[in-house]
Structure formats: C-alpha cells, structure tokens
Amino acid sequence: MPTSPWVTLAHIVRPQGRRGEVIAELLTDFPEKFAERRHVFLTRDAASDAAPREMELAGYRLAQNRVVLHFAGIDSIDAAEMLRGLDVVIPESERAPLDQDAAYISDLIGCDVWDEAAGQRVGIVQDVDRQASHVDLLVVDCENGQRAEIPFVKAFLVKLDTTGKRITMRLPEGLLEINASTATAREPRARRTRKRGLRKPITGADATPPDSQ
C-alpha cells in the first residue's frame, strides 16, 4: 500500500459566502494547526506525484466539525469554486514526534499483523475502529478472507514497527475466530479510501475493562 508524504487537515466541500471563503470538513484532531500556520497546501490527490499548491492562509474559523477557510488571493465565489473538492494538507514531517509505543492511526493502516504465538501472518490493517469498544480495534482483512477486529492492547502487542509496516502480536487462542464472527455480523460496511488525516496518536491500551478494575 503506497504512502504519502502529506497528511490531510481538511477537505474543501464548497464556497462559503461571496468573499472567496470555503467551507471544509475537518480531518484532523488538531484544528489548532490552522492557528499555528500561515501557509498550507492544496491538492486533489496527496498520493499522486503532482506537487500540492502552496497557499497563504488569510483567515479561518471553526464551525462544529467543519472549518471556514479564506486563502489570500481568493476573493470571489468563482475563485472559491475552483477549490471545491481539494484537500488541505501539510508535510508529514511536521507532525509531532511520538513516544515509542504510540502511533498515528494513518501509520497503522496497511501494516501486516503477525501472530507470534501461531507463527503466521494474520492479515493487513484496513482501518482502526475507535467507537465500537472501550479499546481501539484494528480492523484486519485476514489471510482466510474474513475480516477480524483485534484489540490494540499492550497485553497482546509484542512489537510495533510502523516504518517496516509490521505489527507483531501474541493473540489468545480463539480470539480471531470470535472477533471475525463479530466483524462479519456488522458488515457490510462500505469500504472507502481513507485520507491520511492528522489524527491523534493511539497507544496499546490496558486490556482490563474499566468496569472490572
């Protein structure tokens, strides 16, 4: 799975008003990035070879889970319309450094998952589900064609190597069969192209449920 040297802050949806502003869907957990920057980049496909266009950020304001942006030199509806559908990106190198046992969600996508106990490859991470459980779940397309949800917890994690795109785990016997059944029961979930949004890092969490401590 190819990676991109860019991460996405927002996706421009449409013009806003008559003064050249645009409204964009936030794809970052760090909206304060707009206050920290004078320049951002616009692209239609951050994974392509085409260089993103650098833009001066003249102003912004947050509106629920969206952001209204005004770029220098964009002063009319017609000019703003030309930006519809573009992504607002920044260089990946400008992300905050992480602790050794933490990873950005976008870096987990595409990683091979290996089960050290079984000595075999489980599959490839297609998504991270942060809503269905009290711990983060790696959504994995398995070698056997099934989809499984694997808790990303310290009790199971042996080694995390996002540079080499490999997650080594020690999984309890039967976990994949149970969680594959659960994941399949929740299908179909539309598979979409994930943008490499600037999301908060996650760590292998404590495996003990909060209500049993």
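Okay, here's what the table says:
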| item | result |
| --- | --- |
| Selection status of VAL139, among the hydrophobic types (A, V, I, L, M, F, W, C), crowded, with 17+ Cβ neighbours inside 10 Å and within 13 Å of VAL122 (Cα to Cα) | yes |
| Options GLY73, GLY85; residue that is small (Gly, Ala, Ser), surrounded by fewer than 12 Cβ atoms within 10 Å (Cβ to Cβ), modelled with pLDDT of 95 or more and touching a Lys or Arg at 6+ places or on another chain (Cβ under 9 Å) | GLY85 |
| Scope the range 83-133; condition free of Cβ contacts under 8 Å to residues at least 24 places away in the same chain, under 17 Å from the mean Cα position of the chain (by Cα) and part of a strand (DSSP E or B); matching residues | ASP129 |
| Any hit, the range 25-35, residues being under 30 Å from GLY164 (Cβ atoms), among the charged types (D, E, K, R) and within 14 Å of the chain's Cα centre (by Cα) | yes |
| Selected residue (only one of ALA50, ALA80, ALA63 is of a type in the set (Gly, Ala, Ser) and either in contact with a helix residue (DSSP H, G or I) (Cβ under 7 Å, 6 or more places away or on another chain) or surrounded by 13 or more Cβ atoms within 10 Å (Cβ to Cβ) (or both)) | ALA80 |
| Residues of the range 46-70 that turn out to be closer than 19 Å to ARG84 by Cβ and either of a type in the set (Phe, Trp, Tyr) or in contact (Cβ under 8 Å) with a residue 40 or more places away in the chain (or both), as a count | 10 |
| Filter pass, PHE41 being outside any strand (DSSP E or B), closer than 25 Å to ILE105 by Cβ and either among the charged types (D, E, K, R) or assigned by TED's automatic domain parsing to the domain that holds HIS11 (or both) | no |
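The values are calculated or read from the model by the stated rules, or taken from the named source; none is laboratory data. The structure displayed is predicted, hence computed values, not measured ones. With ideal geometry, Cβ positions are generated from the backbone for all residues, glycine too; neighbour counts draw on all protein chains shown.
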